[in-house]
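The values are calculated or read from the model by the stated rules, or taken from the named source; none is laboratory data. The structure presented is a predicted model; accordingly, all values stated were derived computationally and were not measured. Counting neighbours? That spans all protein chains shown, and the Cβs are built from the backbone with ideal geometry, glycine included. SASA here: full protein model, heavy atoms, side chains in, ligands and nucleic acids out. Shrake-Rupley method; radii C 1.70, N 1.55, O 1.52, S 1.80 Å.
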Amino acid sequence: MKKILFLVVLLMVPFLVSAKDVEIKKLELVDKSAAVVELEPAKFNDLKLDFKLKFTKRDEFIKYKLVIRNNSDKDYEIDNSSTFNEGKFIKYEYQLDSNEKILKAKSEINMVVVITYVKDIDNDKFVNGKYSENNSVAIELSNESEDVIDNGVMRFTTNPETSTSDLIKIVVIIAIMSAILALVVKSKKGKVFIIIMMLMIPVMVLALEKIRIEVDTYVEIDRNRVFIIKTHICENAGEFEYNYLDGMTFAEFKNTDNYRELDSEHKNVLDRSIEYNNATPNSNRYSFYLPKEYDSCISEIEWPDTSDEGYNDKYQAAEDAVFACFTQYRSTGPRLEDKIKNNGEGSYYYNGNAVCFW
């Protein structure tokens, strides 16, 4: 019995001594698209990363830099020889500082993790304008040498069905069962089978030499948007906000509960804005669209102080500059077939009386 237990422990030594070869030393956000939101700050625990993110548009991305430390006397290679998984809508990649993919003994390597929203999601997958998914992927570090890098960019591998922790449990269970069976099995065939099972332990331990940096992500896609119509109707000037889903046309919006639940004033402004869609500012009633560039153009205009010499001429020049900005950037107002533009891009305008425009 003692000899068998000693053999089991001896066979497991390679696994026992390599449990903490690699660690994550640092994780920080380094770049992202403007609209991407961290629902919670990214964090790590041992060799596990955790991200909770919200995207709003395709092609948005976020990048994290992590520093990986190899505390062992062995070199490890960043390996993605397993089948990788980009996900249906979200792509996971990592980038190295150079084409060098070896994490040398007693050294560190810098890696940038990139998460990108790459494919539009079907409307029927959204609930109240939102879609969410959980995903688990892994970066592998191995002693095996395989040339799998491509221009310094590598992809995550999919987590295998049997994880590292599961393999540990399997190894321990096999070892214990082998020791117990060796005591009760008396036949030669039974003992041969037990010896074979015990000899498999080093092979399974070798598999555990592939260290995995596990990455868990919760990703939320939010299509809820707001568009604004600014009115210059003398008796009711103001801004009116409307909630819609990204990608909708005005015709589609008018078939939603968001439109049906509007008060009469909001409906009237939108309907008239579409009815009087005319970018020519000579009509008594017209609507048009002005992008954010218009606001930038207006902000550069210098208005005179009333004490300035030649105030009237300067004031008229400023008004002319405003009209020049308006003429340069105005475009057609809302039409039923147009896709709606959100308030981050610009604003729609509806004017009921040209005299009150300015």
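Structure values in brief
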| read-out | value |
| --- | --- |
| Near pairs, Cβ below 6 angstrom, 6+ apart or cross-chain, from region 112-133 (of a type in the set (S, T, N, Q)) to any residue that is open to solvent by less than 60 Å² (accessible area, probe 1.4 Å) and at pLDDT 85 or above | Thr116/Phe61; Thr116/Lys91; Ser132/Glu220 |
| Counted residues, region 61-75 - those being over 19 Å from Glu108 (Cβ atoms) and at pLDDT below 95 | 0 |
| Every residue from region 40-61 that is in contact with a strand residue (DSSP E or B) (Cβ under 6 Å, 6 or more places away or on another chain) and farther than 14 Å from Asn135 by Cβ | Glu40, Ala42, Lys43, Phe44, Leu47, Lys54, Thr56, Arg58, Glu60, Phe61 |
| Filtered residues of region 322-342 (kept if open to solvent by less than 50 Å² (accessible area, probe 1.4 Å), among the hydrophobic types (A, V, I, L, M, F, W, C) and over 14 Å from Asp295 (Cβ atoms)) | Ile340 |
| Matching residues, region 240-276, being without any contact (Cβ under 8 Å) to a residue 40 or more places away in the chain and among the acidic types (Asp, Glu) | Glu252, Asp257, Glu261, Asp263, Glu265, Asp271, Glu275 |
| Residue count, region 43-82 (criterion: of a type in the set (A, V, I, L, M, F, W, C), part of a strand (DSSP E or B), surrounded by 15 or more Cβ atoms within 10 Å (Cβ to Cβ) and in contact with a Lys or Arg (Cβ under 8 Å, 6 or more places away or on another chain)) | 6 |
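Rundown of residues vs (1) open to solvent by less than 80 Å² (accessible area, probe 1.4 Å); (2) modelled with pLDDT under 90; (3) of a type outside the set (S, T, N, Q), yes/no style:
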residue: Asp257; (1), (2), (3): no, no, yes
residue: Arg260; (1), (2), (3): no, no, yes
residue: His266; (1), (2), (3): yes, no, yes
residue: Asn278; (1), (2), (3): yes, yes, no
residue: Ser287; (1), (2), (3): yes, yes, no
